[in-house]
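A.B. asks: Submitted below is the structure of interest, expressed as structure tokens.
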Amino acid sequence: MRFKFSIIALLLEVVFIILFGLFVEHDTGNTSLYPYFKDVHVMIFIGFGFLMTFLKKYGFTSVGINMLIAAFGLQWGTLMQGFLHRGEGGKIPLNIKSMINADFSTATALISFGAVLGKTNPVQMLLLTFLEITAFAVNEYLVTEIFQATDIGASMTIHAFGAYFGLAVTLILYRPGLKNKHANEESSYHSDIFAMIGTLFLWLFWPSFNSAIAAENDQTKTIINTYYSLAACAVVTFALSSLLDQRGKFSMVLIQNATLAGGVAVGTCADLTIDPFVAMCIGIIAGIISVLGFRFLTPVLASKLKIQDTCGVHNLHGLPGILGGIASIVVTAKHPETKKGIQLTAGKQASALGSTIGIALLGGALTGAILRLPIWGQVSDQNCFDDSAYWEVPEEEKLPEINSNN
């Protein structure tokens, strides 16, 4: 991997610098959105990163490659969204809002990273990030500019898209040797504590994520709806976690993940005409769906459909993302309203949801086929979920050294 990764990473970075020099300029806008940007930035680099540290021997990769994906992806996201939204002949303006949108674009790749966690190498993750953000930007343009749908908290365009893109990739990269659970594909007491830190950062800052680019007169409503949806979801998750265990104990997997589903599901309609109790109901349904998904659906996907979803992104992002899209269809059908001079309709929302799922599955399948090419190299099944394949590991944690064969 020594030369392959370094050459590809440096080459792409040089291309980004050239493109920035040719097409990007400063925008002298105000900095009122900077507090929201900080919250979103923390979610991307700390929240997502630590959430994936639950694997007992894969913490370096979870946090480290998360940082790589985010730093790489935000540059490409800035360019892709800028090219599509700048209009003819204009330059791409850089401001706080464009930085927030750049962070949003990286979230899709980080969600997909969760689906393939432990089974890919850094070169493959760079390529996945590049290809996925390209597909994300195209879909986001279709949803907002062509279909003229609303998705302020990106339940569809980020969460559902990232989940189903990742599931399609992991299906194509299916490893028969991992059909039976790998010895390292489990958590430890301390790794679960680190993962819970990621959960808490995400849970606390999710209202900022959903409201960051909302219209100023809708931001307070969006924050409130997200706040109470998360709270209701968390309570239901704890209740179901205990109920589904024969001894009445809580499952750390469910608490780390399903407690966040309310923030995902309420995102699309958080700025629409809904009362707080409706947001809470969405959060409750999201929590139920997520918990049941982790408990019953994930094993079926793995055994019957050959979808090895390491982090369970289908249950945290995929199903709640679809729920968010469906909720927006119902809300716009019942309470038609206008946003930015555009009449929102159930048909537009349904088109956005269909486009998102379709492009995600197709893009993920094509990306998986590219990542499967032998030229990129892959770690062996035996050495999956082990940091020592790609990282210098401290002596006290070292097992016999693993060569990455790349």
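The values are calculated or read from the model by the stated rules, or taken from the named source; none is laboratory data. Keep in mind that what you see is a predicted model, and the values were worked out from it rather than measured. Methodologically, a virtual Cβ is constructed for each residue, glycine included, from the backbone with ideal geometry; neighbour enumeration extends over all protein chains shown. Ligands, DNA and RNA are excluded from the accessible area calculation, which covers all protein heavy atoms including side chains. Shrake-Rupley method; radii C 1.70, N 1.55, O 1.52, S 1.80 Å.
A.B. asks: Using a 1.4 angstrom probe on heavy atoms only, work out the carbon and sulfur share of the accessible area of the chain in %.
C.D. replies: Working: 11580 of 17500 Å².
Roughly 66 percent, rounded to a whole number.
A.B. asks: Give the value in nm², to one decimal: projected area of the alpha carbon convex hull of region 256-406, averaged over all directions.
C.D. replies: 13.0 nm²
A.B. asks: With all distinct Cα pairs included, what does the Kirkwood hydrodynamic radius of region 114-164 come out to in Å, to one decimal, could you say?
C.D. replies: Computed over Cα pairs of region 114-164, the Kirkwood hydrodynamic radius comes out at 12.1 Å.
A.B. asks: Percentage of Cα-Cα pair distances in region 176-222 greater than 12 Å, rounded to whole percent? Intermediate values should be presented prior to the final figure.
C.D. replies: Details: 781 of 1081 pairs.
Considering region 176-222, 72 percent of its Cα-Cα pairs are separated by more than 12 Å.
A.B. asks: P(r) for the chain: what percent of alpha-carbon pairs falls in each 20 Å bin, starting at zero?
C.D. replies: Going from the shortest bin to the longest, the percentages are 28, 59, 12, 0.
A.B. asks: For n ≥ 4 DSSP H runs only, could you compute -39500 (n - 2.57) per run for the chain, divide by its residues and tell me the 222 nm figure to the nearest 500?
C.D. replies: Value at 222 nm, helices only: -19500 deg cm²/dmol.
A.B. asks: Additional query: Hey, got the Cα dimensions of region 276-333 along the principal axes, in Å, largest first?
C.D. replies: For region 276-333, the Cα spread along each principal axis is 38, 18, 15 Å.
A.B. asks: Right, here's the next one. Between region 160-194 and region 1-57, how far is it from one alpha carbon centroid to the other, in angstrom?
C.D. replies: Taking the Cα centre of each part, region 160-194 and region 1-57 sit 24 Å apart.
A.B. asks: Charges at C-beta only: +1 for Lys and Arg, -1 for Asp and Glu. How large is the resulting dipole of region 259-406 about its Cα centre, in Debye rounded to 20?
C.D. replies: I would put it at about 1060 debye.
A.B. asks: Still on this structure, please answer the following. Considering the dipole of the chain built from charges on the beta carbon (Lys and Arg +1, Asp and Glu -1) around the Cα centre, which of ILE7, MET125, PHE37 is farthest to its positive end?
C.D. replies: Of the listed residues, the answer is MET125.
A.B. asks: With each label point set 7 Å from Cα along the Cα-Cβ vector, what nm distance links SER303 and PHE16?
C.D. replies: For SER303 paired with PHE16, the spin-label model returns 4.3 nm.
A.B. asks: Tell me which of ASN383, LEU173, ALA261 sits at the most positive position along the dipole axis of the chain, charges placed on C-beta atoms (Lys, Arg +1; Asp, Glu -1).
C.D. replies: LEU173
A.B. asks: Largest first and in whole Å, what are the equivalent-ellipsoid semi-axes of region 143-184 based on the Cα gyration tensor, each being the root of 5 times an eigenvalue? Walk me through the numbers on the way to the answer.
C.D. replies: Values: eigenvalues 231, 25, 4 Å².
Rounded to whole Å, the semi-axes are 34, 11, 5.
A.B. asks: Pairs to check: LYS4/LYS179; LYS38/LYS221; LYS56/LYS181. Give those whose C-alpha atoms are more than 24 Å from each other in this structure. List each step's numbers first, then the result.
C.D. replies: Working: LYS4/LYS179 29 Å; LYS38/LYS221 20 Å; LYS56/LYS181 14 Å.
Table pairs above 24 Å Cα-Cα are LYS4/LYS179.
A.B. asks: Given Cβ point charges of +1 (Lys, Arg) and -1 (Asp, Glu) and nothing else, what value in debye, to the nearest 20, does the dipole of the chain about its Cα centre take?
C.D. replies: With only Lys, Arg, Asp and Glu charged at Cβ, the dipole is about 820 debye.
A.B. asks: Related question: Just the number please: accessible area per residue for the chain, 1.4 Å probe, all protein chains included, in Å².
C.D. replies: 43 Å²
A.B. asks: Over region 40-146, what portion of Cα pair distances is larger than 18 Å, expressed as a whole percent?
C.D. replies: 47 percent
A.B. asks: Something else about it: For region 209-285, build the charge dipole from Cβ charges (+1 Lys, Arg; -1 Asp, Glu) around the Cα centre, then report which of SER229, PRO276, LEU244 sits farthest towards its positive end.
C.D. replies: Value: LEU244.
A.B. asks: Right, something else. When the dipole is taken about the Cα centre of region 139-222, and only Lys, Arg (+1) and Asp, Glu (-1) are charged at their Cβ, what size is it in debye, to the nearest 20? Walk me through the numbers on the way to the answer.
C.D. replies: Working: 4 positive and 8 negative charges, 82 e Å.
It works out to roughly 400 debye.
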